[in-house]
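Following: one structure in structure tokens, then a few remarks.
The values are calculated or read from the model by the stated rules, or taken from the named source; none is laboratory data. None of the values given here were measured: they were computed from a predicted structure. Heads up, the Cβs are rebuilt from the backbone with ideal geometry, glycines too, and the neighbour counts pull from every protein chain shown. All accessible areas refer to the heavy atoms of the entire protein, side chains included, with ligands and DNA or RNA removed. Shrake-Rupley method; radii C 1.70, N 1.55, O 1.52, S 1.80 Å.
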Amino acid sequence: ARTRDCAPFSPGGLDIALLAAGSAIGMVNAILDERITNGYCLLRPPGHHAERERGRGFCLLNNIAITAMHAIEVRGLERIVIIDWDVHHGNGTQQAFYDSDKVMFISIHQDRNYPLDTGFADELGQGLGLGFNCNIPLPPGSGDGAYRS
């Protein structure tokens, strides 16, 4: 059976997704090793739609979730904040940390754009993660004023 809403990819796509995730891990390691003082990754594919069981929305791997897990499990960080600012909700990142108190996930996105079934303001986390998930769904057409208010 064909699963709907999976991420399509071309030959070599997984290799590129692995490079993107590895680049983000490399940046975090460089910061924590004090080889650089800060960093910012502009990666394709972005990853925030990829879930534990499947890729979605052109995202094969969830770069930020993989990198945050590396920072916690390998590098020993205790708390991380992820701010996802995109027209789409970061459903995969939310899923990765929904029951965790180690990652505060904030998603600012257009309400009911993609995916249609996640990103609501009442999705606050569960278990240890209750209160560590914050969705800020904005109405379509929101401009700078929505961010300033």
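Taking label points 7 Å from Cα along the Cα-to-Cβ direction, residue 148 and residue 117 give a separation of 3.9 nm. One equal scatterer on each Cα of the chain, no solvent, Debye formula: the resulting log10 I(q)/I(0) at q = 0.18 Å⁻¹ is -1.13. The overall shape of region 28-73, judged from the alpha-carbon gyration tensor, is oblate: a/c is not under 1.5, and a/b is no greater than b/c.
Looking at region 51-134, the pairs of alpha carbons with a distance over 17 Å make up 44% of the total.
Given 0.36 nm per residue, what is the gain on full extension from residue 35 to residue 85 after removing their alpha carbon distance, in nm?
Gain in length upon complete extension: 15.3 nm.
For the listed peptides 80-87, 95-102, 10-17, a ranking on the average number of other beta carbons within 10 Å per residue, highest first, reads 95-102, 80-87, 10-17.
Given a 1.4 angstrom probe, what's the average accessible area per residue across region 51-93, in square angstrom? Intermediate values should be presented prior to the final figure.
Details: 2390 Å² over 43 residues.
Heavy-atom SASA per residue in region 51-93 reads 56 Å².
Here the simple spin-label model places points 7 Å from the Cα toward Cβ, and for residue 10 and residue 53 these points are separated by 3.0 nm. To the nearest 10, the accessible area of residue 69 is 70 Å² with a 1.4 Å probe.
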